[in-house]
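Structure, as structure tokens:
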Amino acid sequence: MPVKPPITSLPIRVAAAGFYRGFTKDVAITAKILVGALILWAIAFPDQAASVLGALNTIILGAFSYWYVYVMAFFVILCFALALWPTAGRMRLGHEDDRPEFSNFSWFSMMFGAGIGIGMLTFATAEPMYHWAKNPSTIMGLTEGSTAGNVRDAYVWSFTHWGLAAWASYAIVGLALGYFSYRRGLPLTIRSALTPIFGKSLSGPLGHAVDVVAVVATVLGVAQTLGFGVEQFISGLSRIGVGDWLFDTAADGTRSSSTLGIIVALTVIMGASTLSALSGVGKGIKWLSNINMGLSFFVLAFFVIFGSTLFGLTALFLGIWDYLLSIPGNIFTVWSADGTETGDALSGWQGGWTIFYWAWWIAFAPFVGVFLARISKGRTIREYVLGAMIIPAVMCFVWFALVGGTAIDLELSGEAGGAIVGAGQSDQLFAMLAVILSEPLAYAMSVLVVILLLTYLVTSADSAVLIINTINAAGDEGPKARPHILFWGAALAFVVGGLIIAGGLGAIQTAMVIGALPFSFVMVLMGVSLIKAIYRDGMRTKHGLETTHVEPSTAE
């Protein structure tokens, strides 16, 4: 008996008038209450918030470390399976006669833009440096930290965290949104991707809950990114002479961002991003995007010319080779605390790095997934999956190899004299520039990096606000009322500021790991929905049934 036609309509009630006109009040109000409560708690009771969040984080890392690892493995396997599955690979994100809106060059360029940004500026230097000093191989005594023999292991883990697994999680969300929105005509919101499992019941409370989970995860995922960016922005301002008031110095000599520094940085960043969001996707956003793309190429070219290019290229090619060989083992490895020194150290390392990253990518997936879906209409599933996973991952690898490789080479040769290793995570890029260049040139390059970082912070926050409002408006990109943009702009600023003041970046990390957990279940269901939908569409094709949404005729 032929399968039933697909669901091509998912009514979601939105307010017809008033303050929430065009928005789903159940989603928008609930999300605001949850995020607002977190802000008030972190600001009013910072010690209690840090303590409770830390305890919850410990429980989650103990109980769900296997879940996070296996979930990410599932996304990688599913992406490659969909690309290789003939029925799925040939299907388009749209009607069969739809063709890509953007040329391959433009598409790859936008993928490049998605593959770099705040994370690259912070971690392209910091992560290879950290793993060069300590990684599972050094913990198990297989290699010695901070030596030439540990470079390859450092890049295996750097590429593991920023490679295929990260982009597979984004690709799954983007693919599900694109498939059900462009093929089925459903709203461009998270709940639509679960219709093969839950059907039209998603029009009600169940669907509202799914979208609320997505909004909260997005807020915390973006807050984590902005938190790293704010810390580096403050370090950059200090490097270019804005003032010592940006930092507080502890009794042991360690420095941390001052409350005033955080407030000033967030005021600049979120003020500019909110103004940009209010203008919509207009000249301001395009102008900023063009600036950060141009500056990114300039910075990368700088390291190709003035950095340790041969060392970096060697790290790139050997790192990719070692990484690909490591995937079958690393993708399923979970270290549990077993009471031994080595076992506990491995478990602690994995919780602080791998599990943290998997939670970060999951929380960030609604944000990046919507972007990937928007730019990929008309592409086949095969080209979408391979493009969305491989192109951005390779861009990340290039940055890590050239920028991080230069830092490692400077320390190995003794030229840096510990200046890079001794700098804080947010300051290592600036410390490296000070080693490579004379003081005036290092100052000029630091100014350029601060400007680049600011453009990325503004565009990331701006895009996040617009996407949050899109989910709150049942997938409609139209109603972007000014008060709601102002609220979410302020909310992001207060989440970042409140959690940093409550417990530093660790508090944001902890809140994000907790917030990502519910959405990880949603993402697994999205993957299952895709498999079910594609299989049934194959059956429908055999029976001569329509598998895509038929647009109403406008002919008279």
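The values are calculated or read from the model by the stated rules, or taken from the named source; none is laboratory data. Remember, it's a predicted structure, so these values are computed and weren't measured experimentally. So basically every Cβ, Gly included, is an ideal-geometry build from the backbone, and we count neighbours across all protein chains shown. In case anyone asks, the SASA skips ligands and DNA or RNA and just uses the protein heavy atoms, side chains included. Shrake-Rupley method; radii C 1.70, N 1.55, O 1.52, S 1.80 Å.
Figure the gain on full extension for Asp344 and Glu415 (residue separation times 0.36 nm, minus the Cα-Cα span) and round it to one decimal in nm.
22.0 nm is the gain from fully extending Asp344 to Glu415.
Quick check on my link table: of Lys32/Lys377; Lys200/Lys377; Lys377/Lys532; Lys4/Lys32, which ones sit more than 28 Å apart, alpha carbon to alpha carbon?
Lys32/Lys377; Lys4/Lys32, as the Cα separations exceed 28 Å there.
In the chain, if the dipole is taken from +1 on Lys/Arg beta carbons and -1 on Asp/Glu beta carbons about the Cα centre, which of His484, Ser276, Ala124 is farthest to the positive end?
Highest projection toward the positive end goes to His484.
In deg cm²/dmol, rounded to 500, what helix-only [θ] at 222 nm does the chain give when every DSSP H run of at least 4 residues adds -39500 (n - 2.57) and the total is split over its residues?
Mean residue ellipticity at 222 nm (helix-derived): -23500 deg cm²/dmol.
Distance in nm between label sites at Lys532 and Leu545, each 7 Å beyond Cα in the beta-carbon direction?
Once both label points are built, they end up 1.4 nm from each other.
Going by amide H atoms built from the backbone, whose H comes under 5 Å of the H on Ala416, apart from near neighbours?
Correct list: Glu411.
Considering only protein heavy atoms and a 1.4 Å probe, what is the carbon-and-sulfur percentage of the accessible area of the range 1-124?
It is 67 percent, rounded to a whole number.
Given a 1.4 angstrom probe, I'd like the percentage of the accessible area of the range 381-487 that is carbon and sulfur, rounded to a whole number.
Reported share for carbon and sulfur atoms: 63 percent.
So what is the orientation-averaged projected area of the range 402-556, using the convex hull of its C-alpha atoms, in nm²?
The orientation-averaged projected area of the Cα hull of the range 402-556 comes to 17.5 nm².
Each residue of the range 436-444 in order: what ³J(HN,Hα) in whole Hz does its phi give by Karplus 6.51 cos²θ - 1.76 cosθ + 1.60, θ = phi - 60°, with x for Gly and Pro?
Ordered by residue, 3J(HN,Hα) equals 6, 10, 5, 4, x, 5, 4, 4, 4 Hz.
State in Å² the accessible area per residue of the range 79-196; use a 1.4 Å probe, count heavy atoms of protein chains only, and round to the nearest integer.
Per-residue value: 30 Å².
Provide Arg191, Arg21 ordered by accessible surface of protein heavy atoms (probe 1.4 Å), highest first.
Working: Arg191 0, Arg21 155 Å².
Highest to lowest solvent-accessible surface, that is Arg21, Arg191.
On the protein heavy atoms, probe 1.4 angstrom, tell me the percent of accessible surface of the range 137-200 carried by carbon and sulfur.
55
Determine the principal axes of the Cα atoms in the range 4-94, then give the extent along each, sorted from largest to smallest and rounded to whole angstroms.
The Cα atoms of the range 4-94 stretch 55, 46, 20 Å along the principal axes, largest first.
How large is the accessible surface per residue of the range 306-448, computed with a 1.4 Å probe and reported in Å² as a whole number?
37
Taking the range 410-510, which GluC sites (Glu not before Pro) meet the DSSP loop condition and have no more than 15 other C-beta atoms within 10 Å? All intermediate terms of the calculation are to be shown ahead of the outcome.
Values: sites: Glu411, Glu415, Glu477; in loops: Glu415, Glu477.
Answer in residue order: Glu415, Glu477.
Rg and Dmax of the chain over Cα atoms: what are they, in angstrom?
Radius of gyration, then largest Cα-Cα span, for the chain: 23.3, 79 Å.
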